[in-house]
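Novice: Sharing a structure here in structure tokens format.
The values are calculated or read from the model by the stated rules, or taken from the named source; none is laboratory data. What you see is a predicted model; the values in this text were computed from it and never measured. Here Cβ is always computed from backbone atoms with ideal geometry, including for glycine, and neighbour counts include all displayed protein chains. In case anyone asks, the SASA skips ligands and DNA or RNA and just uses the protein heavy atoms, side chains included. Shrake-Rupley method; radii C 1.70, N 1.55, O 1.52, S 1.80 Å.
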Amino acid sequence: MEEVTLHIAELPDIPPRILYEILRLRVDVFVVEQEAAYPDLDGLDTVAGTELHWAQRGEQVLATLRLMHGTARPELQIGRVVAARSARGTGIAATLMEQAMQRCAELSPNSPVILNAQEPLTGWYGRFGFVPSGERYLEDGIPHIPMTAGRAA
């Protein structure tokens, strides 16, 4: 079996076939599996300073996330964290999150990192230093909790 490889790139540097697989995975899970009709292609992937991180085996994208930095806000933001059904429970998404947190420390070691966690995953994000930092809210019918890691947590 082929080895899992981890990657980081801004949108223009991602091979088209891999970008397609990243976006397909996000739609398959966030729109189809979770039955949340929302615009996954929100334009934020194209903003300068936004990186896509992904784990792949061969041409298959197993997990992905988005890291936004360099915006007008002082914090870094992780979002669109998703794993293919076949990769869940294997540790691949955790490895990808660890890579993202390391990247955040490289980019801005004193900046907080924020994310909006689906409520059932708050414990999982807690493994990476995230703590709740706001009130529960519904997004597309799914309960979410704002979370922060780092100095401002």
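Novice: Over the Cα atoms of the chain, how large are the radius of gyration and the largest Cα-Cα distance (Dmax), in Å?
Specialist: Taking only Cα atoms of the chain, I get Rg and Dmax of 14.8, 44 Å.
Novice: Using a 1.4 angstrom probe on the protein heavy atoms only, could you order HIS7, HIS69 from most to least accessible area? Spell out each step's value before the answer.
Specialist: Details: HIS7 55, HIS69 30 Å².
I get HIS7, HIS69, largest accessible area first.
Novice: Sticking with this structure for a sec: Longest span of the chain, sites excluded, free of GluC sites (Glu not before Pro) in DSSP loop with at most 16 other C-beta atoms within 10 Å?
Specialist: Values: sites that count: GLU2, GLU3, GLU10, GLU35, GLU59, GLU135.
In short, 60-134.
Novice: Build a GNM of the chain with springs between Cα atoms under 10 Å: which of GLY58, GLY79, GLY49 gets the top mean-square fluctuation?
Specialist: Its mean-square fluctuation being the largest, the pick is GLY58.
Novice: Moving to a separate point now. Pick out which of GLY70, GLY141, GLY126 has the largest mean-square fluctuation in a Gaussian network model of the chain, springs linking Cα atoms closer than 10 Å.
Specialist: Residue with maximal mean-square fluctuation among GLY70, GLY141, GLY126: GLY141.
Novice: Follow-up question, since we're still on this one. How much net charge surrounds ARG80 when only the other residues with a Cβ under 12 Å from the Cβ of ARG80 are counted, with Lys and Arg +1 and Asp and Glu -1? Walk me through the numbers on the way to the answer.
Specialist: Values: positive: ARG26, ARG66; negative: ASP40, ASP42, ASP45, GLU51.
Spelling it out: positives minus negatives among the neighbours equals -2.
Novice: Counting only protein heavy atoms, what percent of the accessible surface of the chain is carbon or sulfur at a 1.4 Å probe?
Specialist: On the way: 4340 of 8140 Å².
Of the solvent-accessible surface of the chain, carbon and sulfur hold 53 percent.
Novice: Per residue, how large is the accessible surface of the chain? Use a 1.4 angstrom probe and give square angstrom.
Specialist: Details: 8140 Å² over 153 residues.
Per-residue value: 53 Å².
Novice: Something else now. With a 1.4 Å probe and all protein chains kept in place, how much accessible area does VAL32 have, in Å² rounded to the nearest 10?
Specialist: Estimated to the nearest 10 Å², VAL32 gives 90 Å².
Novice: With a sphere of radius 10 Å drawn around the Cβ of ILE142, what net charge do the other residues whose Cβ falls strictly inside it have (Lys, Arg +1; Asp, Glu -1)?
Specialist: Numbers: positive: none; negative: GLU35, GLU119, GLU139, ASP140.
That works out to -4.
Novice: Once the dipole of the chain is set up with Lys and Arg at +1 and Asp and Glu at -1 on Cβ about the Cα centre, which of LEU44, ALA105, LEU67 lies farthest towards its positive end?
Specialist: ALA105
Novice: Further question on the same structure: Under a point-charge model restricted to the Cβ atoms of Lys and Arg (+1) and Asp and Glu (-1), what is the dipole moment magnitude of the chain relative to its Cα centre, in debye to the nearest 20?
Specialist: Working: 13 positive and 20 negative charges, 66 e Å.
Using Cβ point charges on Lys, Arg, Asp and Glu, the chain gives about 320 debye.
Novice: What accessible surface, in Å², does a 1.4 Å probe find on LEU121, ignoring ligands, DNA and RNA and rounding to the nearest 10?
Specialist: 70
Novice: Right, another one. What does the charge count near ASP13 come to, summing +1 for each Lys or Arg and -1 for each Asp or Glu among other residues with Cβ under 13 Å from its Cβ? Mind showing how you got there, number by number?
Specialist: Working: positive: none; negative: GLU10, ASP45, GLU51.
Its environment carries a net charge of -3.
Novice: What accessible surface, in Å², does a 1.4 Å probe find on VAL81, ignoring ligands, DNA and RNA and rounding to the nearest 10?
Specialist: 30
Novice: GNM on the chain, C-alpha springs below 10 Å: top fluctuator among LEU52, LEU62, LEU107?
Specialist: Evaluated over the chain, the most mobile residue of the options is LEU107.
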